[in-house]
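Derivation of every value follows stated rules applied to the coordinates shown; laboratory data play no part. Predicted model only: the values in this text are computed from it and were never measured. Cβ placement follows ideal geometry from the backbone for every residue including glycine, while neighbour counts extend to all protein chains displayed.
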Amino acid sequence: MAVRIDRVEREFILGAAAESNTVVKLRVSGRSISCRLAQADGDRLGLSPSGGPAALVPKELVSVCFDFRGQAVAFDAPVLKSGSDLIELGLPETMYRSLSRRWPRVRSPRDLSVDFLLPDSSLSLDCPESDEWADVELPELREGLDSHSLVSLVDSFKAKASLIASEGRVVMYKDRGPADIAEELAARLGRTLYVPSTIGALPMVDPYPAGRIVTREMAEDFESPASVAQGSRLSAYLRERNQAGLNSGLWCPVVYYRYSVGVVLMANGPERPRALDFGAVDLAWEFSRILAWFLKRHGYFAESATGSQPRKGSIVDASPAGLLAVLPPGGPKIEQGAVIRIRLGLKDRAVVCSGKVARRYSEGGVSFCGIAFMDLSAQDTAELSLGLYGEDEGFPSGAGA
């Protein structure tokens, strides 16, 4: 994992590296240029290139990495001037120390592209579309559910749910849609609507690193400002359910790629006047994921398959180990931890491989995801390295693991 270096340490590292005339690697547009860091003062860095003029374009953003006391240091900086003996760069706004990354990520060359080969592109279901995209695979089993058959799965869920809730059941959306605002919200957001108390507020924070529950802010954003001003539909619905005896409940969507195909319901009524805890959230979530896997395994939606079309993304930066991509406009937010198939365009050839979504975030209405390659061959890795760096190697010798 890369660690951001603060301003004071950044100035010290750059000054010490310039004083020792440290060898650095400058990478841009599929080229690697060996230099020595000669100056680090004022508002610029001075690099002495080896092997002739670098012919860089002013304002072009370049990636720089070097070894500092056994650790790889990397940053991006704009070109100010490019001469035969000296390259001047602006000071980097941010700089990172990489503790584990073998290769630095660089701005990808124009001839590198990525397509997302998502299985759900061949599906057209009469079910609510979810903001979340989840791969349909058997999850790591932690809740003690019986996954030997669909019948045993449902029976084991009901048995475990009965120990912690008054009610535990699943409703499928194949011949119907969400029945109320709670189901509608959970289906659309692709997350569990967890209501510890029907007379209290929703959780402010999601404790799950990859995101699993609907927070208060998400619920407020889901309802239009006009409806909130007139009175929240969700709040009104929960008050009605409270008057009918509901103390606590959760609505967990059964996410099948980009669709919510059903909902797992758990509730505590008058006979159990206490809140459901996060153990109930974990049980419902795992049950929903195993159920989705069974639906795929038994071809529950096979008749809904149509022609498959890849979704084109764009690459922010890349390395032979992975890339940071912008998801297609209107595309789903691919769940962190999901394993997907992607197609990399490398000059005049295409490479299909698997990638794991290591992180994701949204910024300015755009969704990003960081993907770690899982099965690139040695030859494809070498070719990608050549396309990114202009050479088949990563950091300078001795720089990082």
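Tabulated data
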read-out: Rule-of-thumb Rg ratio for the range 129-304 [Cα; 2.2 N^0.38 Å; N residues]; value: 1.00
read-out: Burial ranking of peptide ranges 137-150, 162-175 (average Cβ count within 10 Å, highest at the top); value: 162-175, 137-150
read-out: Linear extension gain, Ser354 paired with Ala210, 0.36 nm per residue minus alpha-carbon span; value: 49.9 nm
read-out: Theoretical ellipticity at 222 nm over the chain - DSSP helices of four or more residues, -39500 (n - 2.57) apiece, nearest 500; value: -7000 deg cm²/dmol
read-out: Percentage relative contact order, the range 129-304, counting C-alpha pairs under 8 Å, at least six apart; value: 33 percent
read-out: Calculated FRET efficiency for the pair Asp111/Ala55, C-beta based, R₀ 25 Å, to 0.05; value: 0.85
read-out: Cα centroid separation, the range 1-55 to the range 338-387 (Å); value: 28 Å
read-out: Mean separation of Cα contacts under 8 Å (6+ apart) over length of the chain, as relative contact order %; value: 21 percent
read-out: Packing-based exposure ordering (other Cβ within 10 Å, fewest first) of Phe157, Phe368; value: Phe368, Phe157
read-out: Per residue convex hull volume, Cα atoms of the chain, in Å³; value: 179 Å³
read-out: P(r), alpha carbons of the range 2-100 - 10 Å bins starting at zero, rounded %; value: 17, 55, 26, 2
read-out: Distance between modelled label sites at Arg69 and Arg272, nm, 7 Å Cα→Cβ extension; value: 5.7 nm
read-out: Cα-projected label distance for Lys347 with Glu137, points at 7 Å along beta-carbon direction, nm; value: 3.2 nm
read-out: Full-stretch length increase - Val151, Asp41 - with 0.36 nm per residue and alpha-carbon distance subtracted; value: 32.6 nm
read-out: Hydrodynamic radius (Kirkwood) for the range 117-191, which is based on Cα pairs only, to one decimal in Å; value: 14.8 Å
read-out: Relative contact order (%) - the range 2-100, alpha-carbon pairs under 8 angstrom, separation at least six; value: 28 percent
read-out: Cα-based equivalent ellipsoid, the range 149-213: semi-axes from gyration tensor eigenvalues, Å; value: 22, 17, 14
read-out: Convex hull volume of the range 304-358 per residue (C-alpha atoms, cubic angstrom); value: 121 Å³
